[in-house]
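Novice: Dropping the structure in here first, questions after.
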Amino acid sequence: EDLGRGCYGKVIRCLDHKHNVSCALKIIRSDSRFYRSFSLELEYLLHLRKMYSKSEQEGLGFKPVFTNIVKSFEWRKHGVLVFNLYDTDLYHAKLGRIKGAPLKIIMSEIIEGLMFLKYANILHLDLKPENIFLVDSESYNIKIGDFGLSRFGNRRHTDFNVQTCWYRSPEVVLCNQYSFEADLWSAVLIFIELIIDLPVF
């Protein structure tokens, strides 16, 4: 079944017959313009996995709050990324105005995710409710997904076609240099949106 679509392609829910588990396939358009996006997202996801293993060896105690890539392959010139399937995202969950323990769990896990991304030297650059997934229907634990617009943080950035407009930081809007603070801006807007049940901008 279709789970979502965007300019890059679409995400569908599939059944892995070999292991009898559901999974999510992100299928990138076969257009050559999008192949680089597929390659870069794969690079960032593998880098995150490597850096998480490194953080465990260093005893840093980060929680794995980023989506886990199961495998990747090419099919008829489409890049395909296979992920664990999560319950829903914050946008489609329709949680309404939330407060107390549920809000604290979501907020603390997003902040921990941003701390890990900074440790891994990755800017997400597309934080929004649709890219934050609830792991299951029983808890408020989350996973941060969709690294298609991500960048490494130790570089001078000249591409300002990042961040969804409602969650876009002032430095990106003004075409000034941006870094990890751009993701923090998006996160704060998401926190306020969860509290008032309306987008801030």
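The values are calculated or read from the model by the stated rules, or taken from the named source; none is laboratory data. Since the model is a prediction, treat every value here as computed from it, not as a measurement. Methodologically, a virtual Cβ is constructed for each residue, glycine included, from the backbone with ideal geometry; neighbour enumeration extends over all protein chains shown. Protein only, heavy atoms only, side chains kept; ligands, DNA and RNA dropped before computing areas. Shrake-Rupley method; radii C 1.70, N 1.55, O 1.52, S 1.80 Å.
Novice: Across the range 116-132, what is the number of residues that are within 24 Å of N161 (Cβ to Cβ) and open to solvent by 50 Å² or more (accessible area, probe 1.4 Å)?
Specialist: 2
Novice: Test of understanding: among R151, R168, R156, which residue is charged (D, E, K, R) and more than 20 Å from the chain's Cα centre (by Cα)?
Specialist: None of the others qualify; the one that does is R156.
Novice: Let me spell it out: the conditions are (1) within 23 Å of G6 (Cα to Cα); (2) in contact with a strand residue (DSSP E or B) (Cβ under 9 Å, 6 or more places away or on another chain), and V200 meets all of them except one. Which number is the exception?
Specialist: (2)
Novice: It is to be established whether one or more residues within the range 14-36 are touching an Asp or Glu at 6+ places or on another chain (Cβ under 7 Å) and modelled with pLDDT of 90 or more. Give the derivation first.
Specialist: Going through the range 14-36, the residues touching an Asp or Glu at 6+ places or on another chain (Cβ under 7 Å) turn out to be 23.
Within this subset, residues satisfying the condition of being modelled with pLDDT of 90 or more are 23.
So far as the range 14-36 goes, yes, one or more of its residues are touching an Asp or Glu at 6+ places or on another chain (Cβ under 7 Å) and modelled with pLDDT of 90 or more.
Novice: Has the range 137-149 got any residue that is open to solvent by 40 Å² or more (accessible area, probe 1.4 Å) and among the basic types (K, R)?
Specialist: Scanning the range 137-149 turns up no residue that is open to solvent by 40 Å² or more (accessible area, probe 1.4 Å) and among the basic types (K, R).
Novice: Here is a follow-up. What about D197, is it among the acidic types (D, E) and surrounded by 15 or more Cβ atoms within 10 Å (Cβ to Cβ)?
Specialist: no
Novice: Further question on the same structure: In the range 174-181, is there at least one residue being surrounded by fewer than 19 Cβ atoms within 10 Å (Cβ to Cβ) and closer than 29 Å to L25 by Cα?
Specialist: Yes - at least one qualifying residue is present in the range 174-181.
Novice: Here's a follow-up. Just to be sure I understand the filter: pairs with C-beta atoms under 6 Å, separated by 6 or more residues or on different chains, first member in the range 175-197 and under 17 Å from M115 (Cα atoms) and among the acidic types (D, E), second member open to solvent by 20 Å² or more (accessible area, probe 1.4 Å) and assigned to a loop (DSSP other than H, G, I, E, B). Which pairs pass?
Specialist: none
Novice: Would you point out the residue of the range 122-159, among those that are of a type in the set (A, V, I, L, M, F, W, C) and out of contact with any Asp or Glu (no Cβ under 9 Å at 6 or more places or on another chain), that is farthest from E112 (Cα to Cα)?
Specialist: Once the filter is applied, the top-ranked residue is F152.
Yes or no, residue by residue, for (1) farther than 30 Å from I196 by Cβ; (2) basic (K, R):
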residue: R33; (1), (2): yes, yes
residue: S39; (1), (2): yes, no
residue: L45; (1), (2): yes, no
residue: G61; (1), (2): yes, no
residue: E112; (1), (2): no, no
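Novice: Now for a separate question. Output the residues belonging to the range 43-101 that are in contact with a helix residue (DSSP H, G or I) (Cβ under 6 Å, 6 or more places away or on another chain) and among the hydrophobic types (A, V, I, L, M, F, W, C).
Specialist: Within the range 43-101, F62, V65, F66, I69, L90, I98 qualify.
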